[in-house]
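The values are calculated or read from the model by the stated rules, or taken from the named source; none is laboratory data. These figures come from a predicted structure and were not determined experimentally. For neighbour counting, all protein chains shown are included, and Cβ atoms are generated from backbone atoms with ideal geometry for every residue, glycine included.
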Amino acid sequence: MIIKRILATFLDYMLITFFLIFVLIIFGKQNTNGSHSMNGPLFYIPLFFAFLYFIVFEYFFSATIGHLVFRLRVISDFTDKLTIRQVFLRRILDPIELNLSFGIIAFIVTLTNKEQKRIGDIIAKTRVIST
């Protein structure tokens, strides 16, 4: 299942990247060298969207688009329905666990954990299951 989780996460980040590029091209300023950039408050809107993507999809569907494609689901250790607190706690360490370490921290923790949980899952008391 770990390969499915890696592929699902990769798909999610590809979707977010495409969205960020789209927003940059549409709302960004074209530089003299042909590239685009965003400054000021507009810069934070795509980043906020990227964070909300995971929160909204996991809370309402118990899965992101990547999870849905690979038939994975996030559940609570206690019930099937995730609370907003669990979803937020699960995602709060993503910048360190997934982004800054390129997923290496999440991969190592998941491999060495008998329940295949990453740090966010341990803190939030959630787990990913195959459906």
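What is the residue count in the stretch 78-91 for residues that are surrounded by fewer than 19 Cβ atoms within 10 Å (Cβ to Cβ) and either under 21 Å from LEU7 (Cα atoms) or at pLDDT below 90 (or both)?
So the count comes out to 3.
Does LEU72 satisfy being at pLDDT below 95 and either surrounded by 12 or more Cβ atoms within 10 Å (Cβ to Cβ) or in contact with a helix residue (DSSP H, G or I) (Cβ under 8 Å, 6 or more places away or on another chain) (or both)?
No: the conditions fail for LEU72.
Return the pairs, sorted by first residue and then second, in which the second residue is modelled with pLDDT of 90 or more, the first residue lies in the stretch 98-112 and is more than 16 Å from MET1 (Cα to Cα), the beta carbons are less than 6 Å apart, and the residues are 6+ apart or on different chains.
Between residues of the stretch 98-112 that are more than 16 Å from MET1 (Cα to Cα) and residues that are modelled with pLDDT of 90 or more, the close pairs are LEU98/ALA106; ILE105/GLU97.
For the subset of the stretch 66-83 comprising residues that are in contact with a Leu (Cβ under 8 Å, 6 or more places away or on another chain) and assigned to a helix (DSSP H, G or I), which member is nearest to THR126 (Cα to Cα)?
GLY66
Collect the residues in the stretch 14-29 that are surrounded by 11 or more Cβ atoms within 10 Å (Cβ to Cβ) and either among the polar types (S, T, N, Q) or without any contact (Cβ under 8 Å) to a residue 40 or more places away in the chain (or both), keeping them in residue-number order.
Hits for the stretch 14-29 are MET14, ILE16, THR17, PHE19, LEU20, ILE21, PHE22, VAL23, LEU24, PHE27, GLY28, LYS29.
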